[in-house]
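The block underneath contains the structure these notes are about, expressed in structure tokens.
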Amino acid sequence: DWLKSQFANLRVPWEEGHIKLKVRRRTVLQDSMDAVESIDAADLRKIFRFEFLGEPGLDAGGVAREFFSVIAQQLFNPDCGLFLYSSVNQMCMQINPNSGIANENHLRYFHMAGRILGKALMDGQITPVHLIQPLYKHLMGWPVTFKDLEQVDEEIYRNLTGLTDLEDVSMLYLDFVVTEDKLGVAETVELVPGGADKTVDNDNLPEYLDSQLQYRTMYRIKDQLAELLKGFYDVVPEPLLSVFDFQEVELLLHGLPEIDMDDWRRHTECTGDFANQRDHKVVQWFWTLVTAFEQEQKAKLLQFVTGTSGVPSQGFAFLQGNDGNIRKFTLHGDKNVKVFPRAHTCFNRIDLPIYKTKEEMSKFLNMAIQMESSGFGME
């Protein structure tokens, strides 16, 4: 309600000017870019009316909803070359670092994508395509954390994390460079000045990991990200989002998911100490607690475990993992896990300690969800 009132104050009254946006359905992406990019930033806060040329229909809200749904699905489709699937969840999209190769006008499209997201948020329209969590953090001006790298490249994240377990990392003869594949052509990029001559050792390993994080989540997509943010801030003043966390921003943009508790429970697997024990007392406590959650808290639990609040349209039976295969929501009992539950977003799995009471479980499950949304980890 607070955000709605802020947008109401920013919105230009109808009688002071409004915009009619006309597009052809078969060329909706090109038509939308030509139209949206031609609008002055100050006019983006005017009331929009939409029309699909050659189709009957008065825009009393339904045409606007369809426009935002259709344009989002096309903009964020990997076939368009601007975005790629997340490394851990194929319901979420990340910026394609090679988008310029696929589309010479890619930066204009990213600027439009930012404006579309901003306008949808301002007008209370739901966009059906979710983004990876680091992009929501960028929209809010939040710092990314090393855990965010997992959603960009799960294999790189796992390999880099493994370096911290080595007794002497210098034995790997790594240096401060990365090799990128540009459509079959290998391109070497230095992570720091003189990186090709700088060997990774135990002392500079933290610097190396941070350099990898900055490069993979920001530097190699800096041009695309800058245009996306500029387009978004053309509509939404950056300070407006400062009162929200990144999970709430996802829910604001994409709406609360329709969560069918019977479907969720029916298509959940139990492993570890819960294997073949769906009636285990901790499993029963989990479902009792989650069923009592408000919708927003249920959505935040999904974000914690799967990386997104999105639920497949066909239901929980079609939840996917990082490889695109079905990976059902999983409750994993682990007596070695202490206090806080642990999430494995690649596998849609939550590891639960064997709590002694339901009250203890409620306390630490809620704390884990809250700490995740605040940007604090529990490694």
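What to note about this one:
- Accessible area ranking (1.4 Å probe, heavy atoms, ligands and nucleic acids excluded), largest first, for Trp285, Trp264, Trp2: Trp2, Trp285, Trp264.
- Mean projected area in nm² (Cα convex hull; one quarter of hull surface) for the stretch 198-305: 12.0
- Extent along principal axes [Cα atoms of the stretch 259-371; Å; largest to smallest]: 36, 29, 24
- With bins 10 Å wide beginning at 0, the percent of Cα pairs of the stretch 162-209 falling in each bin runs 27, 46, 24, 4.
- Calculated FRET efficiency, His18 to Leu166, Cβ-Cβ distance, R0 = 51 Å: about 0.25 to the nearest 0.05.
- The ellipsoid equivalent to the alpha-carbon distribution of the stretch 92-138 has semi-axes of 21, 14, 9 angstrom, derived from the gyration tensor eigenvalues as √(5λ) and listed largest first.
- Rounded percent of accessible protein surface that carbon and sulfur make up, the chain, 1.4 Å probe: 49
- Of every Cα-Cα pair in the stretch 202-243, the percent that sits beyond 14 Å: 63
- Cα-based reach from Lys363 at 30 Å (exclusive), listing lysines while leaving out same-chain residues under 8 positions away: Lys137, Lys147, Lys281, Lys298, Lys300, Lys328, Lys335, Lys338
- Computed on the Cα trace of the stretch 79-211, the radius of gyration divided by the Kirkwood hydrodynamic radius gives Rg/Rh = 1.03.
- Kirkwood radius for the stretch 72-120, taken over all pairs of different Cα atoms as the inverse mean of 1/r, rounds to 11.0 Å.
- Ranking Ser170, Ser38, Ser309 from most to least accessible surface, computed with a 1.4 Å probe over the protein chains only, gives Ser38, Ser170, Ser309.
- About the centre of its Cα atoms, the chain shows a dipole size close to 1240 debye [charges on the beta carbon of Lys, Arg (+1) and Asp, Glu (-1) only; nearest 20 debye].
- Loop-located chymotrypsin sites (Phe, Trp or Tyr not before Pro) in the stretch 85-189 (DSSP state other than H, G, I, E, B) with a sparse environment of at most 15 neighbouring Cβ atoms within 10 Å: Tyr173.
- Counting only the Cα atoms, the stretch 1-152 fills a convex hull of 133 Å³ per residue.
- Calculated on the alpha-carbon coordinates, the convex hull of the stretch 165-257 measures out at 198 cubic angstrom per residue.
- Gaussian network model of the chain, springs between alpha carbon atoms under 10 Å - residue of Gln74, Gln125, Gln284 with greatest fluctuation: Gln284
- Excluding ligands, DNA and RNA, the accessible surface per residue across the chain is 48 Å² with a 1.4 Å probe.
- In angstrom, the C-alpha Rg and Dmax of the chain are 22.5, 70.
- Evaluating kT/(6 pi eta Rh) at 20 °C and 1.002 mPa s, with the Kirkwood radius of the stretch 31-97 over Cα pairs in the Stokes-Einstein relation, gives 152 µm² s⁻¹.
- Taking the C-alpha atoms of the stretch 124-200, convex hull volume expressed per residue in Å³: 153
The values are calculated or read from the model by the stated rules, or taken from the named source; none is laboratory data. Just so it is clear, the structure is predicted and the values come from calculations on it, not from any experiment. Note: ideal-geometry Cβ built from the backbone for every residue, glycine included; neighbour counts use all protein chains shown. Each accessible area value is taken on the protein alone, full model and side chains, heavy atoms only, with ligands, DNA and RNA left out. Shrake-Rupley method; radii C 1.70, N 1.55, O 1.52, S 1.80 Å.
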